[in-house]
Each structure stands twice: as structure tokens, then as C-alpha cells.
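Before any comments, here is the structure.
The values are calculated or read from the model by the stated rules, or taken from the named source; none is laboratory data. In this text the structure is predicted, and so the values were computed from the model without any measurement. In this analysis, Cβ positions are derived from the backbone assuming ideal geometry, glycine residues included, and neighbour counts consider all displayed protein chains. Note: areas computed on protein heavy atoms with side chains; ligands, DNA, RNA excluded. Shrake-Rupley method; radii C 1.70, N 1.55, O 1.52, S 1.80 Å.
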Amino acid sequence: MQSTFSGIEIGKRSLITHNLGLSVVGHNLSNASKEGYSCQRIELEAAEPIYRPQLNRSETAGQIGQGVQASTIERIRDGLLEGRIIGQANGEGYWQARDKYILMAEQIYNEPTDSSVRTLMDRFWDGWQELSVHPTEMASRQAVLQRGEAVVEGIQLRYQNLDRIRTMIDDDIQATTDRVNKLITEIADLNREITKSEGAGDNPNDLLDRRDLLVERLSTLVNVTIDERDPDEFNIHTSGFHIVQGEIARPFENVPDPQNEGLSNVVWQHSGENAMFRGGRLAGLQELRDVDIRGEIQKLDNMAMNFIDLVNEIHGEGYGLNKETGTDFFVNYPRVLNALGNYDSNGDGEFDVSYVFRLSGSNELNAQEQIGIGGTMTLPGPTDDIQIDYAPTDTVGDVIERVNNSAAEVAARLNRNNQLELKATPAADQENPDFVLRDIQDSGQFLAGYAGMLAGPGAENGYTWQQPDAVQELRSDEVRYAVAPLQHPSGWIQVNEELKQQPSAIAASFGEAGQPGESGDGSAALEVAKLRNHAVNVGQISTFDDYFADTVAEIGLKGEEAERALRTQEDIMKDLRDMRESISGVNIDEEVAQMIKYQHGYQSAARFVTQVDRMLDTIINRMGV
């Protein structure tokens, strides 16, 4: 039967429940400005009534209610919207990183200005043009030297600035990796606390908010997906691998990579395997360092190396006022000291590879002449070998153009003696060294009997760098070669110190029959000056002017792409976060309305208890004998 004091119990439940509602409202108002906080609501339900429908229940008009009670305190959260935000945030982080560092790279290419590399190089060509007109004047030689020094300093400065950006990105990668490790460790710790609270039947809303905030921050750094199919275990994956599994965090570490100039590789700490990311700030930084900025340095190195090689080729055949020849204008530092290019790549004390930059055939060719033979050349590419077919009706120029327009990491040209010349270019794969010719084969006779380079057709007569003394396997001793240069020619390019000490040694004329040219002959200087607009055929870059035009245009387009993509991502994320704020954020007006509602409910419950107390007072104290 119902107790006489049941009214007091009903009022007490109401007081407790409305007081709890006021506490929740106060908690919401206190955290209204907190990042990642989700508005909370108390869920009310009627207390279990007296008299269940059993055989021994009393005869009453119906179930008698026992007031109100709080069933749970819930977060207001849209799970699907949260998934969209986490899935989209990695794009925002990716483009933020690219936009920042691409802008830095753009500022290095200060073209066209009086101090730009292109302007300095134009003045260098002008100096040679002036020397060709006044080949006997020392003032013209001094001008060539000074302008050569200026262009060298400009190229070195550009390399140093690019290398500095790459080092900054590497430092950023290490710092970002540490942030990722800190976040996943904290998330795993939160998972432990959340599991304990949920095991006790509680809703750890504040802990859940904190975890969601950390997951969102993590998703801007690396691409992540959330797996909540198991209610007892919260999992986070990146690129298909567990990064957080319940209470277990799988962090990363940075390991120097000797094949990437000692820069850091991000690897899994538990296995040592390289970690692959498809989005987020970390993926953007890795792409910037190992693709974009590395590519800019390689293009600068390629230009500098061929600039050195072509000027030295002409200057070495010319004569100075001192009647001497064979002097290089620029210093060329070889990568290996062995004259044949032999190198010990694995450090076992035995030569096992050949580092050769350039091969020149022994036969004189005509660019307009049809070759009259057919076959297929096999040249090294970025990932696989490149097949280049040639037919009897092709001219020598056609074949050279086909090589240079392919994806092969080899450039072809006819040198001053009209001999076919193959030069190595920078390698796309970090495992392959820059400016090193690798495997070269020809199924026909173009590179063999026609150009006089290979010993014969077929794979058995091909050139391969994976052996010592590779140049001795070529067609004859007349095949000329050059050892690969020291890494990053743009960083060490210098004018020959001998010419600084003796400017009269600067070559301005070509000799005849091994004798110096006549006084006033400026043919060699004019030949150097022609390099300005001459088709040097360095890969797909026809002239040096093409290099400057292409690099400035490409970095500008990358900057424009990064800026537009970042703006688009920021707009998308703003819309999603605004939508989340409208659902989960704390609305002050709404909370004040809730506070008034609970306040009135509390006052009503208090008045109800007062009235019940008066009734009980009448029964206990005023009824009797």
C-alpha cells in the first residue's frame, strides 16, 4: 500500500532532479567558450510507479506515480557530421602546409629583378659577347670574371635558400611526428578512463568531448578513420593500419635516411617500417620536402651542371692570350676520385658500380641525315626502363628529340664535334644517384655502329652502371666519358681559381691545327655567348632561358593551386564546423530558458514538500484524543 510519507519522497526526487538540471545548465554556461565542448542535456523520466500488474497487487484505481528522476546526462552530438569533419580535416592540414612553404619557395625566385639569377646570367653572356669583340683587352676578361663570379654567387644563393627551406620542412616533420605521438598517447589514456567510467554505468561526457577534440586535431596532421563498431574498444586507423587500438597507442619515430641526405623518415616505432600517409599536414610536408623542394633543387642542379659542362667544353678547346688551352672556366668536382668512375657503394672495400655522367660517341653525325636503320633503345626512367623506337626514315635530330621528350633520365645532344652525347639527369628515385648514367641498351645499331658508342646491339653489349670499369666495355677507346659530379653542383659551382690569378688564360679564340688563333680572334668567346639562346637540349629544356621560364611558371602555378585549394578547404571546414556549432554548441539564450524552467520546477517541488509537510503536521500533531 502507498506510504503516508510518499509525498515527501516525490517532492525530494523532484528537488534533486531539478537541482541536477540546474547544475547541468551551469556546467554548459561555464564551458560555453571551451573548444570542443558539446552541450549536455539531462534526460528526465518518470520514477517507477507503485503496484506492478501482479496477482498480489492491491486494488487501486491504477498505478500510482512516484515523481520524476534523471535517467542520464547526454551530449548533443551528430556522429555523421563528426565523421565528415574528421574525414575532411586532413585536406585542410595538407594544403595549409603546402601553401606556407610553396610561398617561401616563390619568394626565392625573384624573377625578373636586377639581382635574379637570370639577369646575372644574361650579363654573363653579354660579357662573353663583349670579349668576342675585344678579345685582346684585359678589361673584357675582367668583366667576364666578375660577371662569372656574380652568376656563381646567384646560383649558390638560390641553392642555399632552397636547401634551407628543405631543412625547415624536415624540422617541421619531426615536430609534427612528436605532436602525433603525443595526441595518440593521450587518446589511448582517455580510452582507458572512458572504459572505466562506462563500465560503472556513467556517461563520461567531458572525457568524450576531450577525445573527440584530440581526434579532430590528429586528423589535421594525418589521415585517420574511426572504428567504433566494437562498443568496448575505440580504434583509429591511418592508411589501413592501427594507430590507436583501445588503450594501446602505436607511435612513430624519425629515423635519418642516408639515401635522402640524412633527412628523417617517419617509421612505425614497433616495426621500423616506413609509415605512408595519404593526407594531413605530415603527408603534405613529406611531399614538399621529397618531391617539390627536392625537385626544385634538382632542376637547379641540372641547369648548373650543364651550364658548367657546356661552358667548359668550349673554353677547354679555346686559347687565351697566354697561348695555352685545355683550361676549364668553372671548377668541376668529381663525385669519385677513380678516373674510370669506379665506386664502392656498399662499403666492402671493392669497387662495384661506375659513376659516369656523360658518354660521347666516336662517330661524327649529321642531325639532318636519315639514319637508315631501325631498332629500340632502352634507357633508364624514373621507375622502369624507357623504350624508344627509331626507324630507318628518322633523322639523327628526330632520334635525339625523341630521347629528350621521353621520360628517360638521360639527355641527348650533338656536341661541338657532332658526336652523339648522352648525359645523365637527376634521378627521381632517391635510391638512384643524380647525374649517373645507368643501364643503356640498343636492339639495333644506332648507339653501336652508327654513333660509335656501344660495343654492339643487344643486352649483352649494353652499358650498365652495376659493375666497375663499365666504360671499358664500350665500343672503343675513342668513346669519351666524364665522371659523375659531386652532389648538388649548384651549391659548389665556382670560377676556376687559376683564371682569377691569371685572367689572360681566359680563352677567347679557337686555334687551328693545334696552334693558337690569330690575334683579335674572338670565335671561342662568341661561341660561349651563343649558349644564351642556343638549343642545348638538356632533357626537355631546350635553352637556359627555357629553364628560367619553366621554373618560375611552375612554382607560380603550384603556389596558385595551394592558395585556391586551401581557401576551398577552409570554406568547407567552416561550413561543417558552423553546422556542428549550431547542433552541439552552447546557446546562451537556450540555456537561460532551461535554467528558468528548472528553477521554477525546483520552486514548485519545494512548495509541494511544504504542503505535504503541513498535511503530515495536521495528522501527527493535531489529530488525537
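Quick look at the numbers
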quantity: Residue among GLY91, ASN161, GLN129 farthest towards the positive dipole end of region 80-161, charges placed on Cβ; calculated: GLY91
quantity: Total lysine pairs whose alpha carbons fall under 25 Å of each other in the chain (8 or more apart, or interchain); calculated: 18
quantity: Calculated diffusion of region 194-345, Stokes-Einstein form, Kirkwood radius summed over Cα pairs, 10 °C and 1.306 mPa s, µm²/s; calculated: 76 µm²/s
quantity: MRE, 222 nm, helices only [DSSP H, n ≥ 4, -39500 (n - 2.57), over the chain, to nearest 500]; calculated: -16000 deg cm²/dmol
quantity: Backbone HN-Hα couplings from phi across region 407-418 [Karplus 6.51/-1.76/1.60, Hz, Gly and Pro as x]; calculated: 8, 5, 8, 9, 10, 10, 6, 9, 7, 5, 8, 6
quantity: Heavy-atom surface of the chain, accessible at 1.4 Å and reported per residue (Å²); calculated: 48 Å²
quantity: Modelled label reach - ARG41, point 7 Å along Cα→Cβ, region 78-98 residues with backbone N closer than 15 Å; calculated: 78-79
quantity: Ratio of Rg to Rh over region 69-150 (Cα coordinates, Kirkwood Rh, two decimals); calculated: 1.65
quantity: Span per principal axis, largest first, for the Cα atoms of region 255-341 (Å); calculated: 67, 27, 15
quantity: Dipole moment magnitude, nearest 20 debye, region 285-442 about Cα centre, only Lys, Arg, Asp, Glu C-beta charged; calculated: 560 debye
quantity: The chain, accessible surface, carbon-and-sulfur percent (1.4 angstrom probe); calculated: 47 percent
quantity: Virtual spin-label span in nm between THR395 and ARG278, 7 Å along Cα→Cβ; calculated: 4.9 nm
quantity: Descending principal axes extents, region 279-321, alpha-carbon based, whole Å; calculated: 61, 12, 7
quantity: Translational D in µm²/s for region 360-412 (Stokes-Einstein at 20 °C, 1.002 mPa s, Kirkwood Rh from C-alpha pairs); calculated: 185 µm²/s
quantity: Relative packing of peptides 609-621, 68-80 - highest average C-beta neighbours within 10 Å first; calculated: 68-80, 609-621
quantity: Cα-based Rg of the chain normalised by 2.2 N^0.38 Å, two decimals; calculated: 1.54
quantity: LEU310, LEU263, reordered so the largest accessible area comes first (probe 1.4 Å); calculated: LEU263, LEU310
quantity: Relative compactness, region 338-463, computed as alpha-carbon Rg over 2.2 N^0.38 Å; calculated: 1.07
quantity: Sequence-separation-based contact order of the chain, relative, with Cα cut under 8 Å and 6+ spacing, percent; calculated: 20 percent
quantity: Heavy atoms of ASP171: accessible area, 1.4 Å probe, square angstrom to 10; calculated: 90 Å²
quantity: Charge dipole (debye, nearest 20) of region 55-169; +1 at Cβ of Lys and Arg, -1 at Cβ of Asp and Glu; calculated: 460 debye
quantity: Dipole magnitude (debye, nearest 20) for the chain, charges at Cβ of Lys, Arg, Asp, Glu; calculated: 2960 debye
quantity: For region 298-316 versus region 446-508, the gap between their alpha-carbon centres in whole angstrom; calculated: 13 Å
quantity: Cα-derived Rg to Rh of region 468-625, Kirkwood definition; calculated: 1.66
quantity: Of the GluC sites (Glu not before Pro) in region 528-625, those whose Cβ has at most 11 other Cβ within 10 Å and which sit in DSSP loop; calculated: none
quantity: Simple spin-label estimate for ASN366 and SER476 in nanometres, 7 Å along Cα-Cβ; calculated: 2.0 nm
quantity: Reciprocal of mean inverse Cα separation for region 15-156 (Kirkwood radius, Å); calculated: 24.0 Å
quantity: Region 195-295: trypsin sites (Lys or Arg not before Pro) in DSSP coil with no more than 14 other Cβ atoms inside 10 Å; calculated: ARG229, ARG278
quantity: q = 0.10, 0.13, 0.15, 0.20 Å⁻¹: log10 I(q)/I(0) that the Debye formula gives for region 90-220, counting C-alpha atoms only; calculated: -0.59, -0.74, -0.85, -1.09
quantity: Cα-Cα separations in region 63-108 greater than 14 Å, expressed as whole percent; calculated: 73 percent
quantity: LYS299, LYS100, LYS323, ranked by accessible area, largest first (probe 1.4 Å); calculated: LYS323, LYS100, LYS299
quantity: Quarter of the Cα convex hull surface for region 193-276, i.e. its orientation-mean projected area (nm²); calculated: 6.3 nm²
